[in-house]
Amino acid sequence: MSLHRADPLDHPDVRNASGIAFVAGYAASVGLMAIALMVTLRHEMSYVRFVIAVAILGGLALLAQAVLMFRLDLSGGQRWKTISLLLVVPLFVLSIGLTGWMFHTLYPRTMLDFMQVQGSGM
Amino acid sequence: MLVHLQGAWNPWLGRLTLSQIPYHSPIVLGAFAFALLAAAPIVGLMTYYQKWGYLIREWITTLDHKKIGVMYIIIGLVMLLRGFIDGIMIRTQQLLADGPRSAAHLQAVHGYLPPFHFDQIYSSHGTIMIIFAVTVVLTGFQNIIVPLQIGARDMAFPYLNAVSLWLTAAGAALVMISLFIGDFSHAGWVGIVPLTELPYSPGVGVDYWDWALQLSSLGTTLGALNLITTIIMMRAPGMRWFRMPFFTWATLSTQTIGLTAFPVLGVALALLSCDRYLGTHFYTAGLGGNLMLYTDLFWIWGHPEVYFIILPAWGIMSEVIPTFSEKALFGYTVMVAATLSIAGLSWAVWLHHFFTMGAGPGVNLVFSVSTMLVGIPTGVKVFNWSLTLYRGRLRFETPMLWAIGALFLLLVGGLTGMMLAIPAINYTVHNSVFVVAHFHTMFLVSVFGIFAGLMYWFPKVFGFRLDERSGRRFFTFFSLGTVFVFAAMYTLGLMGMTRRLDYLYNPHWQALLIIQEFGIFLYCVSVFYFCKMIYVSIRDRAKEAHGQDVWRTSRTLEWMTLTPVPFYNFAVIPVVHGRDAWAMRRDSGLTATSPGDYEDINLPNNTIVPAMLGALAFGFGFGMVWRIWWLAGLSLLGIIGLVILRSFADDRGFTLTAATVRRMERNHEDTGIVTDHISPPVAELALFQ
């Protein structure tokens, strides 16, 4: 409930922080996202490989941020952050899932050759 | 890597040339003159009374949540006025450009606005009203009231709070400057794809819209993080979850939506920026792009944003109605459950914004049902407010009038929303002004809630009440304006008038268009009474000064502290023993008690860094819009450098001793936010001493 501390540097979040881990997390996430951008710009992969590559890079960037930058775990200071991230998962599933279903029904109705769009390069 | 654009570009000014300043347009010149006339007296008075130092020391550098909230509200009201003027221009153009024989003025073939200019005006109207007016004002209320309602001295992250404000201000400034340098997007507030793609919008208008939204959405996301943390971590001892005031619950639900939904907008816009700047094809028709993906992503954010705007207004209504009914909110626990379920459902209804795109009937059915489900908790709320009114000792002072008005509008907006949730009806009225009238009704619920909150909490923050007489006239003319504009608009929608038309082909709509314009005139009269209300209230502030419980029947903790609220909020953090903590104390005769022992209070120092970050963010946005790469790059480096530099500052705030607090409380010294009786130190001043 109430949490009043005079010195912000005594806060568990601050005590838990590590400069090296923060820089490493920042560098890793920026690097991974830059690679994803380059992959997108080059148009060299097939559609399916491209989607898989970008998803893996995105997942790694998320992991780098969660582990290195935010140091998420179930300790008292970090519990709420970890739960916040977990609470986003249902929204993630909901939005991606319903979007996927919507496009699955949309393409046959609006695309001349929807299989080519969905499966190009397979 | 960067997309090569046709036209002039030079390394120093990018795409910016003298011809981009629309001094040849009489309307823009008029707007410029109006802005000068409005700003001149303010600047003159500030200079005459030598208040620039006060402005910087007490406001620009402040980390006080109340002052930040007030600045949010001022920005929001200024943008509300700008959006309202856009609304007048839209309605007037449609009235004048009705039928082939309609007259032509200025540079238009029909009416007085050329189509490209008209398109910019409806785009800026929507963007401003939703993102920079209603959202911003409501964020201001949440900033001011939530820490007071939970018995905290400030937000969890006061510095981050100021950063959020200045990022929002940077976004608003980008929208405003687009009026005088370049032009604004013509692709609607939703950014219709592929119209926002470079081949169809090669100018800077879409970029202004894009970066303004990016900056403000970043500010809103950080603000959401701050408010959620504040509510979870900063509650006073004894304030359990189900003892929290209802407005705080509404804020928690709202900001959870904000924290989860705004990043989606950020992603949607970032991908659009990649298309426009780097030549990717996320939303193009070819090379693997999918222009329908933008619509999907935009509304994944867009519909939760609707509840982001509505829920705080319902929170305000839930504070105002019990106060002026002189009884507790009916069904508190059910109201909390209803609010949380609306927040959850807000994530599962977005596709009803594009039923007509062509998805299968199963998909439309699911989203139709989920949209209708929202009606259940909303209906619960309406019944609970009604049952709070039932057998209450009702007092129709101005906050209550606005709250009742909002309740009525919610019925109209909610029922038309249920109609639109049915795909068959949606197909019939899609893109008609019936839809426009529906969502304006819902946004007006928020606006009515905002004015209820303004009248209700203004005396708590500033120490004096707003003038009741002109306040009632403001309410009357605003409500009448709403009836005339939107009753006519619903009818026009059912008659087949589509939205965003700069020229109307059907002369038979003329009578209803005149009724709409008359409603706009009534709105203008209401603006006059709003200004009069502010003027009279400031003039008579000594007469209207009040004690801590201005309305005498308030129920929540913010009414416990002094009026105006001291900069430290509470001399001693209160201990809460039940729901409606202030009403409990009043009923037990404990309102006049003062603490036996005072304690030292630690507060943050003021700092100029957040305002500098806002200025640099504006520089970055402006540089990106005009492709002035050195400006954008230097601004970005400046932001990163300042953030790193600030992280090394060993700033532990300042301490107000118990003896000082005791003296101020017992002598009733004015420690409200408009006095500089005791100023928090500015951290950076130490560097120059």
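Some observations on this one:
- Residue under evaluation B:M239, criteria (1) modelled with pLDDT of 95 or more; (2) in a helix (DSSP H, G or I), criterion not met: (2)
- Condition met for A:S29 (modelled with pLDDT under 85 and of a type in the set (G, A, S)): no
One line per residue, one yes/no per condition, for (1) surrounded by fewer than 20 Cβ atoms within 10 Å (Cβ to Cβ); (2) hydrophobic (A, V, I, L, M, F, W, C); (3) touching a Gly at 6+ places or on another chain (Cβ under 9 Å):
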position: B:A406; (1), (2), (3): no, yes, yes
position: B:A421; (1), (2), (3): no, yes, yes
position: B:T428; (1), (2), (3): yes, no, no
position: B:K460; (1), (2), (3): no, no, no
position: B:G471; (1), (2), (3): no, no, no
position: B:F474; (1), (2), (3): no, yes, no
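- Candidate set: segment B:251-281, residues that are within 23 Å of B:V3 (Cα to Cα) and within 8 Å of chain A (Cβ to nearest Cβ); chosen: the one surrounded by the fewest Cβ atoms within 10 Å (Cβ to Cβ): B:L278
- Sole residue being within 11 Å of another protein chain (Cβ to nearest Cβ) and assigned to a helix (DSSP H, G or I), chosen from A:I96, A:I52, A:I35, A:I56: A:I96
- Across segment B:606-638, the qualifying residues are those that are assigned to a loop (DSSP other than H, G, I, E, B) and in contact with a Ser or Thr (Cβ under 9 Å, 6 or more places away or on another chain), and the one among them that is surrounded by the most Cβ atoms within 10 Å (Cβ to Cβ) is B:T607.
- Residue count, segment B:329-351 (criterion: surrounded by fewer than 22 Cβ atoms within 10 Å (Cβ to Cβ) and within 12 Å of chain A (Cβ to nearest Cβ)): 4
- Within the set B:A511, B:A571, the sole residue that is small (G, A, S), at pLDDT below 95 and either in a helix (DSSP H, G or I) or crowded, with 21+ Cβ neighbours inside 10 Å (or both) turns out to be B:A571.
- Some residue of segment B:377-389 being of a type in the set (A, V, I, L, M), modelled with pLDDT of 95 or more, surrounded by 22 or more Cβ atoms within 10 Å (Cβ to Cβ) and out of contact with any Lys or Arg (no Cβ under 9 Å at 6 or more places or on another chain): no
- The residues of segment A:36-50 include none that are among the β-branched types (V, I, T), more than 18 Å from B:T284 (Cβ to Cβ) and either surrounded by 15 or more Cβ atoms within 10 Å (Cβ to Cβ) or not assigned by TED's automatic domain parsing to the domain that holds A:A61 (or both).
- Residues of segment A:11-30 include none that is loosely packed, with under 14 Cβ neighbours inside 10 Å, among the aliphatic types (A, V, I, L, M), within 12 Å of another protein chain (Cβ to nearest Cβ) and closer than 22 Å to B:L293 by Cβ.
- Among the residues making up segment B:225-243, those that are of a type in the set (A, V, I, L, M) and either surrounded by fewer than 24 Cβ atoms within 10 Å (Cβ to Cβ) or farther than 19 Å from B:G449 by Cβ (or both) are B:L225, B:I228, B:I231, B:I232, B:M233, B:M234, B:A236, B:M239.
- The residue of segment B:300-328 that is farthest from the other protein chains (Cβ to nearest Cβ), among those that are without any contact (Cβ under 8 Å) to a residue 60 or more places away in the chain and among the hydrophobic types (A, V, I, L, M, F, W, C), is B:W301.
- Condition met for B:Y529 (part of a helix (DSSP H, G or I), free of Cβ contacts under 8 Å to residues at least 12 places away in the same chain and either of a type in the set (G, A, S) or more than 22 Å from B:G111 (Cβ to Cβ) (or both)): no
- Against the numbered list (1) in contact with a helix residue (DSSP H, G or I) (Cβ under 7 Å, 6 or more places away or on another chain); (2) over 30 Å from A:R42 (Cα atoms); (3) within 11 Å of chain A (Cβ to nearest Cβ), B:P361 comes up short only at (1).
- So B:Y307, is it closer than 22 Å to B:Q214 by Cβ and in a loop (DSSP other than H, G, I, E, B): no
- Among the candidates B:I640, B:I644, B:I628, residue that is closer than 28 Å to B:V175 by Cβ, within 14 Å of chain A (Cβ to nearest Cβ) and modelled with pLDDT of 85 or more: B:I640
- Within segment B:275-300, considering residues that are among the aliphatic types (A, V, I, L, M) and outside any loop (DSSP other than H, G, I, E, B), the one modelled with the lowest pLDDT: B:L291
- B:T482 being β-branched (V, I, T), within 24 Å of the chain's Cα centre (by Cα), modelled with pLDDT of 95 or more and in a helix (DSSP H, G or I): yes
- Number of the condition not met by B:A649 [criteria: (1) modelled with pLDDT of 95 or more; (2) assigned to a loop (DSSP other than H, G, I, E, B)]: (1)
- Looking across B:T323, B:T388, B:T378, one residue alone is closer than 29 Å to B:W299 by Cα and of a type in the set (S, T, N, Q). It is B:T378.
- For B:T248, the conditions (1) more than 14 Å from chain A (Cβ to nearest Cβ); (2) under 18 Å from the mean Cα position of the chain (by Cα) all hold with the exception of (1).
- Checked against (1) surrounded by fewer than 22 Cβ atoms within 10 Å (Cβ to Cβ); (2) aliphatic (A, V, I, L, M); (3) within 17 Å of B:T256 (Cβ to Cβ), B:L311 passes all but a single condition, namely (1).
Here's the yes/no breakdown for (1) in a helix (DSSP H, G or I); (2) not β-branched (V, I, T):
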position: B:Y54; (1), (2): yes, yes
position: B:L63; (1), (2): no, yes
position: B:K67; (1), (2): yes, yes
position: B:I88; (1), (2): yes, no
position: B:T92; (1), (2): yes, no
position: B:L106; (1), (2): no, yes
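- Residues that are within 23 Å of A:L98 (Cα to Cα) and aromatic (F, W, Y), drawn from segment B:297-345: B:F298, B:W299, B:W301, B:Y307, B:F308
The values are calculated or read from the model by the stated rules, or taken from the named source; none is laboratory data. Keep in mind it's a predicted model, so treat the numbers as computed, not measured. Cβ coordinates were reconstructed from backbone atoms using ideal geometry, including for glycine residues, and neighbour counts include every protein chain displayed.
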